[in-house]
Structure formats: structure tokens, C-alpha cells
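Here the structure comes first, spelled out in C-alpha cells, and everything after it is commentary.
The values are calculated or read from the model by the stated rules, or taken from the named source; none is laboratory data. The model shown is predicted, which means the values in this text are computed figures rather than measured ones. Note that we place each Cβ from the backbone using ideal geometry, even for glycine, and neighbour counts take in every protein chain shown.
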Amino acid sequence: MKSNQVLFVMGVSGVGKSTIGKLLADSMQIPFFDGDDYHPEKNVAKMASGLALNDDDRQGWLETLNALAKKQLENNSCVIVCSALKESYRTVLTTGIECHAKWIFLSGSFQKIVDRINNREGHFMKSELLQSQFDILEEPENSIKIDIRLAPKNIVEEIKTALMEKTQFGLFGLGVMGKSLSRNLANNGFKISVFNRHLAGLEENVALDFTNKFDELETALPFDEIESFVNSLERPRKIMLMINAGKIIDSVIEDLLPFLQEGDVLIDGGNSNYNKTKERFEYLKAKKIHFVGAGVSGGEEGALKGPSIMPGGAKESYVQVQPFLEAIAAKDENNLPCCTYIGTEGSGHFVKMVHNGIEYVEMQLLAEVFVTLKALGNNPDAIATILESWKETTNSYLLEITIAILRKKENGGWLIDKIMDKAGNKGTGNWTTISTAQLGVPSTMIASALFSRYSSFYKEERIAASKHIETATANLEITKEDLLKTYQFARIMNHYQGFKLIQEASKSYQWGLNLSELSRIWTNGCIIKSDLMVALVEIFKTTDNLLTDPKIMQQINSLKPTARKVVAQGILNDLPIPSLTEALSFLNSFAVANSSANMIQAQRDYFGAHTYQRTDDASGKFHHTEWI
């Protein structure tokens, strides 16, 4: 299908659809089809008798034309003419080919069209039916609108000019992710415009050089000047920003605004803070510009071959960009796009933030598995072989890349042994930890993984401390099977905490997030895709709390004894396994009917008169005691 298009020529009867459509097809040397030829006999008979068609009459006809369009797109572009007077009709006609359909609306006055119909011979449409068509006509918002007072030849030239000049989608910012997404869009048959700033001596001709480098970008238009970039796009314009999060987003929005028009759509595809996305959403809403905050996961390769995409904003905004985002997204096991409407405001960026928080923990757990297996006397090759055996029951993208990392050698030695143990971060783990604290959700493992990265950065101080702090000699009495079970246990706890945070945010902000659908779009294309995530799709169809699912609880009860053993051995042998430890600590403090919090509340009442509730008072009343 690639760059093929269906050019639908529409309008009420008598505007000259067939004439213009045939001329246009001949001029472009593509097939032509007259929709009237595909009406069933009962429709023709009904119109010939002077009766107007109803929606039921049209449904089968529209579906037939949709099937025709799909078949033609497999090999070529084509022109199809039909009245398509309602938006609902046009929806049927373009189902499954939304991004390959272009509407050409022939517009004229009632009287002029009446005169044309009365001058025709042998056509089943009577002039008396024209008013009924005008009555139901819903003019398309996104079309090439042509006045039929022009000569047919001039109409065709105007259409061809409009088709040639405009592209379908704009990509602003050609960093690693921006370039990969641009190529993904082009590979899916979209004609795109790409923009990168011009900085003399630093960034010159970036967009031009990029489009010249790859064959799939042959029709892409490169720009380093904002006005020309914006004007190259068909309306409503759809522009995806792939730039660093922060104030630069606001600066770019202000640079774009003078050239945007009502109904245009901006998509922030970076890792922006969801609170800033909410602010930008409201700011642009007041200017009648749509704003979509879309989390994109998958890294450079995912962006090129199919990422997981999490768009949030107004539903009508998502509908505008849905065909593009869903086309470039990864596909799940049922070949459905790993992209779905998340919710309003900053919900898309919120769930991407939590995705990254879960990712922090998954990475930390594998790092701790590596440290533990190393303490058991295994070299990187041996550890890779052990982890390879885990794939049968516990596979994930991060497990796969960890195996590849462990096997990578350089100059005869393992590369992992030459990498400085200072882990960086770009802020999303920090934001997730702040959000979980603000919402009062105990996502302790995300905080633990974040602080592990922070601790790693103090390399010099860690070296100094290691010279003065005595540590136990590793004498671990555990097996690799014990470690696998502990890893599985910790991953369940991590996913419980992450999805619990999403659920509580959904309630607090009234987003109505669907945990099952969210799990589904995380089954492919993203960094945290895994066999466990696939299982969560079905689990979240019946519950929003993993700790109530029978199968999950059975797994936890089966794995927990081994987790206790491994964590105890890790502590006794001074192994740095904070996230594995926190998984067990969290469950021990959470799955308890009577906690130590009664002492905390008594202390608060003692020094601050903060009051407390009593277990022997069912009313829920708050009490205070004079402790002295």
C-alpha cells in the first residue's frame, strides 16, 4: 500500500463528480471508479421512483466501495466518486484506510446544481431529490474544497496542486528518536515533512541530509525554517515534537503558534512531566489547538520498527492522529497496535512515567541477579547461560538484552567488567517517586531502584567507605533456582506497585484508565514487555488489584519462602540487593492485618495531639489522650 492514496471526490448529485473524477484520474494515470455504478438494483429503482435513500439503503453500498478502495490500494492509487454526504458515510468508506484517503469536496449553490441536473438526460437522480441531499449534507472539515464554478480543467489543476504541495504529518526534531520515527512513518506510506533547527557551524542541513540518506524518505520534505515547515502540511496539521523535555517544549510551542490554525494538533512525543503536559493541554485548548501528550517506549530500534505509544489528551484530538500513531506502533499477539487512547490531560505522559519507574526496578533486579550469580562464582558467560535458561518461564526484553550484554567481549575480555558502575537517569524515576509520594501510594521498589542509581553515582565515596567498612565473606547457601524464584517474586511485587500507582492516579484525576488495555500495549514494542505483561492483560480484565487474583496469590505463596531464604542469605553475606530485599519487606509490611502503625499514631497524638481512631469504637470517631 505504502504511499498509494484513494481520492474520494464527493458532493451532492449534479456537482460534476463523475466528470471531475474521470478527468483527474486520466491526468494522474490512475484507475477511476464511479460509486453510482456500485449501487444495488434496489437502490437505483428507489431513486428512479423519486424516493431518497436512507442510511440502511446506503450501508451495503458504502461497504462495497470501502472493499473496492482497499483492493485498489494494494497496487495503485485510484479515484472514487460518490456523494458521501454525511461524516458517518465517510467513516465507513475509509475504515481501515484512513491515512490513505483524501477527500475532494465539490461545492456549489443549490440553484446552479438544479440547473445542471435539469439539463442532464437519462440520469436516475431527479432534481426534486436535491433538497434532501442538501438537508443531510455535512461538509467535511479535512478536505480539498473546490468551487464548481471553475472550469473542469482548472478544477483538476487545483486538486493536483493541492495534492502535490501538502504532506500528511510533520516531525519536529531529528534526534535519535525523531529520525527513527520519521523513517517508520515513511515506511508505512505516509508523506511527511521533517524539521530540524539550523545552528551555524553546529547543526546545518540536518533535515536535508537526513532525507537524502534513506530511500524511504524520497518523498519527505526537509525544513530548517518553521513557517515553511508548518505551511507544508495539510490541514488540520499534525505535528509531533521529538525534543528534550522541559522549557524547550514551551519555547517551541510559542515558535509554532503564529503559524498554526484552529484545529491543528501538536503531539509531544518526549518524556515530559505529566503536570506540565496538563498545563500545556489547557493553554493550547484556550487557543483552539489540540495537544496530545504521547509517551513513546522502545528506544531507537522500537521507534523505527514499532514502539509502544501512550497518547493522552482530548478524545477528539486522538482521533485526528490515531491512524498515524497506530500504523507505526508495534503489534501485539493479535496483530492489534500497541497504541491506544489512554485518557485526557497528562494521562499519557503519566503512564509512560510509571512505565519508566517499573523499568527502573526491572533493570535493578537484573543487576542484583547479576551480582548474586557473580558472588556464587559464575563469570559473565556462565551467568548468561543461566539467564538463557530462565527465558522459558520468565522471559522479557530486559532479560534478553542482559544476556546479550553479558556475552559481549572486547579485546578478549568481557565488556561488562570495563563499564564504570555509575548509573545515570533522565528524571522519570525521580518524577515517579515524587508522584507516588504525592498520591500516597507505597511504590517502594521504584524509590529503592532510583536511590540505588543515586548511590552508584558517589563512586569515590563508595571506594573510600569500602576500605573502612568490614564485609562478610560471601558464603551463599542458595542455588540458581532459588534466585530465579526470588526474581519472579520480586517482579510480581514490582508490577503490583506500578499498576497500583496508575490505578490510584486514575481515581484521583478521574482519568478512567484501563489497566488491561494498558498492559496490552506494553506486551510489545516497549522496554518492559514480558511474558508476565502478557498474563496481566487477562488478569486485569477481572480485577484491578493483583493481590486478589487467585493465580497471582498462588504464585506469591509458592515463591515467598524461597525469597525469604535468598534475601536472608544476601543480608548475612553483605550482598547489595536492595530491590530484591524491598520486594519481601514491602509484602511483609503490607500483607499484615495489624501493623505497627498504631504506635506511630500514638506517638503523633502524644507530641502533636493529632488524634487517633480506636479499634473498640466502630463509629470511626477520632480520639485524643492526655498522655502525661
For this session: Looking only at region 436-472, count how many residues are exposed (fewer than 10 other Cβ atoms within 10 Å of the Cβ), over 25 Å from residue 376 (Cα atoms) and free of Cβ contacts under 8 Å to residues at least 24 places away in the same chain.
Result: 1
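What helices (runs of 4 or more DSSP H) completely inside region 409-507 contain at least 2 residues that are of a type outside the set (Asp, Glu) and more than 16 Å from residue 364 (Cβ to Cβ)? Can you show your working first?
On the way: elements: 428-438, 444-456, 459-466.
Here the list reads 428-438, 459-466.
Looking at 581, 611, 543, 615 in this structure, which one is surrounded by 11 or more Cβ atoms within 10 Å (Cβ to Cβ) and either more than 22 Å from residue 444 (Cβ to Cβ) or not polar (S, T, N, Q) (or both)?
Numbers: 581 fails: either more than 22 Å from residue 444 (Cβ to Cβ) or not polar (S, T, N, Q) (or both); 543 fails: either more than 22 Å from residue 444 (Cβ to Cβ) or not polar (S, T, N, Q) (or both); 615 fails: surrounded by 11 or more Cβ atoms within 10 Å (Cβ to Cβ).
Result: 611 is the single residue among 581, 611, 543, 615 that is surrounded by 11 or more Cβ atoms within 10 Å (Cβ to Cβ) and either more than 22 Å from residue 444 (Cβ to Cβ) or not polar (S, T, N, Q) (or both).
Restricting to region 508-523, count the residues that are under 19 Å from the mean Cα position of the chain (by Cα) and in a helix (DSSP H, G or I). So that I can check it myself, show each step before the final result.
In the first step, residues of region 508-523 are kept if they are under 19 Å from the mean Cα position of the chain (by Cα); the result is 511-523.
When the remaining residues are screened for being in a helix (DSSP H, G or I), the result is 515-521.
Result for region 508-523: 7.
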Exercise. Does at least one position in region 385-392 carry a residue that is under 29 Å from the mean Cα position of the chain (by Cα), within 18 Å of residue 496 (Cβ to Cβ) and exposed (fewer than 14 other Cβ atoms within 10 Å of the Cβ)?
Worked result: no
Seminar exercise, completed: Note: among 211, 219, just one is of a type in the set (S, T, N, Q), in contact with a helix residue (DSSP H, G or I) (Cβ under 9 Å, 6 or more places away or on another chain) and at pLDDT below 90, namely 219
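Using the structure shown, decide if residue 48 is modelled with pLDDT under 90 and exposed (fewer than 15 other Cβ atoms within 10 Å of the Cβ). Steps first, please.
Values: modelled with pLDDT under 90: yes; exposed (fewer than 15 other Cβ atoms within 10 Å of the Cβ): yes.
Taking the combined requirement at face value, the residue satisfies it.
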For this session: Kindly establish whether residue 65 is assigned by TED's automatic domain parsing to the domain that holds residue 130 and surrounded by 17 or more Cβ atoms within 10 Å (Cβ to Cβ).
Result: yes
Exercise. Quick one: what pairs do we get from region 378-394, first residue farther than 18 Å from residue 365 by Cβ, second part of a helix (DSSP H, G or I), C-beta under 8 Å, 6+ apart or different chains?
Worked result: 381/406; 381/407; 382/373
For this session: Please enumerate the residues belonging to region 295-313 that are touching a Ser or Thr at 6+ places or on another chain (Cβ under 6 Å), farther than 10 Å from residue 526 by Cβ and not in a helix (DSSP H, G or I).
Result: 312
Exercise. Which helices (runs of 4 or more DSSP H) does region 1-107 wholly contain that include 3 or more residues that are more than 31 Å from the chain's Cα centre (by Cα)?
Worked result: 17-28, 41-48, 55-73
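Go through 598, 588 for me and flag whichever is farther than 15 Å from residue 490 by Cβ and among the polar types (S, T, N, Q). Quick ask: steps written out before the conclusion?
Numbers: 588 fails: farther than 15 Å from residue 490 by Cβ.
Just one listed residue meets the conditions, 598.
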Exercise. Only one of (1) within 30 Å of residue 545 (Cα to Cα); (2) modelled with pLDDT under 95; (3) in contact with a helix residue (DSSP H, G or I) (Cβ under 8 Å, 6 or more places away or on another chain) fails for residue 421. Which number is that?
Worked result: (1)
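Looking at residue 93, is it buried (at least 20 other Cβ atoms within 10 Å of the Cβ), modelled with pLDDT of 90 or more and closer than 27 Å to residue 192 by Cβ? Break it down into steps so the answer makes sense when it comes.
Numbers: buried (at least 20 other Cβ atoms within 10 Å of the Cβ): yes; modelled with pLDDT of 90 or more: yes; closer than 27 Å to residue 192 by Cβ: yes.
For residue 93, the condition - buried (at least 20 other Cβ atoms within 10 Å of the Cβ), modelled with pLDDT of 90 or more and closer than 27 Å to residue 192 by Cβ - is met.
Tell me whether region 259-266 contains one or more residues that are assigned by TED's automatic domain parsing to the domain that holds residue 190, within 21 Å of residue 325 (Cβ to Cβ) and not in a loop (DSSP other than H, G, I, E, B).
Here is the first cut: in region 259-266, the ones assigned by TED's automatic domain parsing to the domain that holds residue 190 are 259-266.
Restricting the remaining residues to those that are within 21 Å of residue 325 (Cβ to Cβ) gives 260, 263-266.
Pick out the ones that are also not in a loop (DSSP other than H, G, I, E, B) and you get 265-266.
There is at least one residue in region 259-266 that is assigned by TED's automatic domain parsing to the domain that holds residue 190, within 21 Å of residue 325 (Cβ to Cβ) and not in a loop (DSSP other than H, G, I, E, B).
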Exercise. Any idea which of (1) surrounded by fewer than 22 Cβ atoms within 10 Å (Cβ to Cβ); (2) modelled with pLDDT of 95 or more is the one residue 173 doesn't satisfy?
Worked result: (1)
For this session: Check 271, 275 and return the single one that is part of a loop (DSSP other than H, G, I, E, B), under 29 Å from residue 357 (Cβ atoms) and outside the structural domain of residue 511 (by TED's automatic domain parsing).
Result: 271
